[in-house]
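Visitor: If you scroll down you'll find the structure; I have some questions about it.
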Amino acid sequence: MESTAVRQESSEESHAQRDPLLLDRAFKARRMVIAGVSSDRGKWSNIMFRRLLDGPYDGELIAVNPARSEVEGQPCYASLGDVPGEVDYVQLLVAREHTVDAVRDCVARKVPVVHVLSSGFGEVSGEGPGLQSALVAALAGGASALIGPNSLGLYSAGHGLCFSDGCHFESGPVTFISQSGALCTDVLAQGQMRGVKFSKVLSVGNCADLDWPDYVRYCRHDPETGIAVFYIESVSDGRALYEELKRLARDKPVLVLKGGQTAAGAQAVVSHTGRMTGEHNVWQAMLRQAGVIELTGLNDLLVTVQAWSSAELQPRKRAGNGVMVIGCGGGVSVLISDALGAAGLSVARLGSGTLSALKELEPAAKVFGGIDNPIEMPVDRL
């Protein structure tokens with residue numbers, strides 16, 4: 001893969017050095033700080049704070065703002081250094097020019113996960129890219145990991161955390177991680193309307209520090225993730241991402257929607273996250289070789305996630321890419337077989353034990369002279 005988005009040299013070892021379940025400190029935070037909370041109810045920081053305060057979050061929510069002693073009836077600390085005790089997770093909604101200092105404070109307090117929601121970094125010209133580099137430099141020598149910047153937040157069904165109104169918290173097998181905050185909102189809302197149950201949703205923004213290999217690796221180790229769904233625009237280390245996707249796909253269904261598939265879309269990615277996306281045909285080849293399911297758009301994502309998360313399709317350890325097809329005629333079976341091949345799947349060769357069991361279940365096999373895959377059944381038998 002080419003471009004700054006997908007470098008040839010791998011940093012897989014540096015990714016592997018992180019605790020694979022580090023993100024649990026965010027998704028399962030017992031003590032969470034929102035830094036930069038405004039008392040103005042029209043400001044995003046105040047809206048986010050009230051959503052968490054009024055929601056079912058089961059941990060301690062702490063506000064930080066040097067200009068306030070209380071916000072929404074809650075005590076407000078002047079700085080992170082004034083907050084007593086250990087802090088698991090910090091969301092930064094401070095002004096761009098104060099973000100680097102805020103990250104330094106988090107490192108000094110040994111906060112495990114820092115989530116920068118503020119924007120105006122690598123996705124914009126001028127001082128933005130330099131400030132994003134300064135964010136990463138501020139992490140040096142510490143143990144803190146950074147999500148973002150330019151992100152929305154997270155959803156955790158088991159712990160009552162959410163970035164939007166109207167969501168419910170019935171936990172399920174689906175984890176969705178996205179470089180687009182808007183897609184996080186849309187997929188969660190529309191998915192829940194379709195009956196999809198999510199475990200976690202995470203907006204990762206520009207991926208200045210934690211990057212896609214880290215997020216994929218988390219999904220592999222997380223026992224609550226049964227189905228992993230990703231919206232990816234760009235990545236800094238394509239080789240590391242490929243290796244992590246391949247490992248994850250051996251055990252769990254992996255669905256990927258790749259943004260920036262055309263020249264216009266690729267340019268939009270640069271404006272959105274500040275990173276180049278790479279050639280789409282190279283991405284397609286990589287995803288196919290890794291054994292993941294590539295999605296074509298938002299509707300495809302929603303339909304496919306709904307199918308995989310249904311009661312009949314609970315994820316199991318994958319033994320291969322073979323699929324059994326049951327159709328009501330030769331033409332349908334041929335078209336399905338073509339679609340499977342285009343998606344990197346295959347029509348499985350059935351074993352003798354499976355064939356014998358099917359013959360016992362389906363007397364119509366006598367009409368067709370035997371059962372094989374694809375299985376062609378009369379309409380009245382379906």
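Values quoted throughout were computed directly from the atomic coordinates according to the rules given, and no laboratory measurement underlies them. Small disclaimer: the values here were computed from a predicted structure and weren't measured. Cβ coordinates were reconstructed from backbone atoms using ideal geometry, including for glycine residues, and neighbour counts include every protein chain displayed.
Visitor: Quick one: what does P(r) look like for region 18-306 with 10 Å bins over all Cα pairs, in whole %?
Guide: 7, 30, 37, 22, 5, 0
Visitor: Return the Rg/Rh value of region 17-113, two decimal places, where both radii are evaluated on C-alpha atoms and Rh is the Kirkwood radius. Let's see the in-between values first.
Guide: On the way: Rg = 13.1 Å, Rh = 13.7 Å.
A ratio of 0.95.
Visitor: Roughly speaking, what is the stretch gain from I326 to A307, that is 0.36 nm per residue apart minus the C-alpha to C-alpha distance, in nm to one decimal? Each step should come with its number before you reach the end.
Guide: Details: separation 19, 0.36 × 19 = 6.84 nm, distance 1.62 nm.
Residue separation times 0.36 nm, minus the Cα-Cα distance, leaves 5.2 nm.
Visitor: Another question about this same structure. Kindly flag which residue pairs out of K110/K258; K246/K359; K197/K252 have an alpha-carbon separation exceeding 27 Å in this structure. Could the numbers behind the result be given before it?
Guide: On the way: K110/K258 34 Å; K246/K359 36 Å; K197/K252 16 Å.
Table pairs above 27 Å Cα-Cα are K110/K258; K246/K359.
Visitor: At 0.36 nm per residue, minus the direct Cα-Cα distance, what do R288 and E72 gain on full extension? Give it in nm, one decimal, please. Could you put the intermediate results ahead of the total?
Guide: Working: separation 216, 0.36 × 216 = 77.76 nm, distance 4.99 nm.
Full extension of this stretch gives 72.8 nm more.
Visitor: Separate question: Taking only C-alpha pairs under 8 Å that are 6+ residues apart, what is the relative contact order of region 45-177 in percent?
Guide: Details: 195 pairs, mean separation 30.3, N = 133.
With pairs under 8 Å counted, the relative contact order is 23 percent.
Visitor: Can I ask one more? Between D372 and H221, with labels modelled 7 Å along Cα→Cβ, what's the label distance in nm to one decimal, could you check?
Guide: Computed distance between label sites D372 and H221 equals 4.7 nm.
Visitor: What are the radius of gyration and Dmax of region 67-168, computed over its Cα atoms and given in Å?
Guide: Rg, Dmax (Cα atoms, Å): 14.5, 41.
Visitor: Let me ask you something else. How high is the relative contact order of region 18-306, given as a whole-number percent (alpha carbon pairs under 8 Å, six or more residues apart)?
Guide: On the way: 616 pairs, mean separation 42.5, N = 289.
15 percent.
Visitor: Let me ask something else about it. Per residue of region 47-63, what does 6.51 cos²θ - 1.76 cosθ + 1.60 with θ = phi - 60° give for ³J(HN,Hα)? Whole Hz please, x for Gly and Pro, Karplus curve as stated.
Guide: Going residue by residue, I get 4, 4, 4, 5, 4, 6, 5, 8, x, x, 3, 9, x, 9, 9, 10, 9 Hz, with x marking Gly and Pro.
Visitor: Further question on the same structure: Would you mind putting 198-209, 240-251 in packing order, based on average other-beta-carbon counts within 10 Å, highest first?
Guide: On the way: 198-209: 25.8, 240-251: 20.9.
Output ranking for 198-209, 240-251: 198-209, 240-251.
Visitor: Given just the C-alpha atoms of region 89-226, how large is their convex hull per residue in cubic angstrom?
Guide: Numbers: hull volume 14.4 nm³, N = 138.
About 104 Å³ per residue, rounded to a whole number.
Visitor: Turning to a different aspect of this structure: How big is the gap, in Å, between the Cα center of region 200-230 and the Cα center of region 90-107?
Guide: 22
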